[in-house]
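The values are calculated or read from the model by the stated rules, or taken from the named source; none is laboratory data. Model, not experiment: these values are computed from the prediction. A quick note on method: Cβ atoms are made from the backbone with ideal geometry, for glycine too, and the neighbour counts reach across all protein chains shown. The protein model used for the area step is the full one, side chains on, heavy atoms only, and it has no ligands, DNA or RNA in it. Shrake-Rupley method; radii C 1.70, N 1.55, O 1.52, S 1.80 Å.
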Amino acid sequence: WDIPGLAPEERKLIYGVNKKPLAGGTTAYRTVLKKEDLDLAQKKLEEQLVDLAKQRAAEQMQELSEEQGSEFRILEYAELTKMSFSGFTIPTQFIGQTVNSVPVEGSISYVSYAYNRTNILNLLIKELQTHIAAEKRLLPSSIDTNRLDVRVIDYNDDLSWIKLTVELLGTEEYILESLSPSGAVFGKKLREKIIGQPYDDALRIVKNMPEVDKVEISVWPPWSRTIPPIPSHISVVPQ
């Protein structure tokens, strides 16, 4: 056995050896409160208060979104978050005493800022619409709030205003319904290009048209390998 209380050079001279396994006896210990323990307890409490404040802020955003029928989102920027701690009660009088636990109390003031993603999306959709040609329209699935890229670019010292830049990339598609003007023009052009063409050539021609992303061609009877020679026998069905 080494004896920690001795100087390192003396531990070589005084030591103990167990010739038989030890048995019996009791283990005794006691907990003594140190200042470091209180510092750690305060730090832990601050972390818990911050987590609770963030959780409550997220709950308020959810409640506000449900009340107004809009999607609100917190600006997750450290420089746009204000927090301060107060009312901490640290029982320093117990330092040096044997204790099992100590009460530590405190509160937090937490302020964060949020924006209305739905309103921003509606504004950008209106702006995008001004750049869409008459024969096209925005693809609805390409313009939801999940596609918004929001960034903070400026704010003043007291955060009375915050400037955002927001990007939204939408996908446009041609309007090809036969009852629409652009759809009627497209149908006429398509029929003129593929009338009487072999099946494979017609498929290639339609695929290369700028209005088309994917195409399927069905012919009747099924064994026929050419497109009908009469324009009115060719139907165009947008998908």
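Things to note:
- Applying the criteria of a DSSP loop state and at most 16 other Cβ atoms within 10 Å to the GluC sites (Glu not before Pro) of the stretch 1-78 yields Glu76.
- Taken one residue at a time, the phi angles of the stretch 198-206 give Karplus couplings (6.51, -1.76, 1.60, θ = phi - 60°) of x, 3, 5, 5, 5, 4, 5, 4, 5 Hz. Gly and Pro are set to x.
- Dipole size of the stretch 1-82 about its Cα centre, with +1 on Lys/Arg Cβ and -1 on Asp/Glu Cβ: approximately 1000 debye, rounded to the nearest 20.
- Applying 1/(1 + (r/R0)^6) with r as the Cβ-Cβ distance of Glu67 and Thr145 and R0 = 22 angstrom yields a FRET efficiency of 0.80.
- At q = 0.10, 0.15, 0.23 Å⁻¹, base-10 log of I(q)/I(0) for the stretch 144-239 (Debye sum, equal scatterers on each alpha carbon): -0.46, -0.68, -1.18
- D_trans [Stokes-Einstein, Kirkwood Rh over alpha-carbon pairs] for the chain, 20 °C, 1.002 mPa s, µm² s⁻¹: 80
- Solvent-accessible area of Arg204, all protein chains in place: 130 Å² (probe radius 1.4 Å, heavy atoms, ligands and nucleic acids excluded).
- Surface composition of the chain: carbon plus sulfur atoms hold 53% of the accessible area, using a 1.4 angstrom probe and ignoring ligands, DNA and RNA.
- Cβ-Cβ FRET estimate between Asn156 and Glu105, R0 fixed at 45 Å, reported to 0.05: 0.80
- Residue pairs exceeding 22 angstrom between C-alpha atoms, taken from Lys34/Lys54; Lys126/Lys189; Lys12/Lys34; Lys136/Lys188: Lys34/Lys54; Lys126/Lys189; Lys12/Lys34.
- Two-site FRET efficiency, Ile74 against Ile95, from Cβ-Cβ distance with R₀ of 45 Å, rounded to 0.05: 0.70
- Surface analysis of the stretch 1-155 yields an accessible area of 75 Å² per residue, using protein heavy atoms and a 1.4 Å probe.
- Kirkwood Rh (inverse of mean 1/r, distinct Cα pairs), the stretch 20-72, angstrom: 15.8
- Looking at the stretch 161-206, the accessible area is 61 square angstrom per residue; that uses a 1.4 Å probe and ignores ligands, DNA and RNA.
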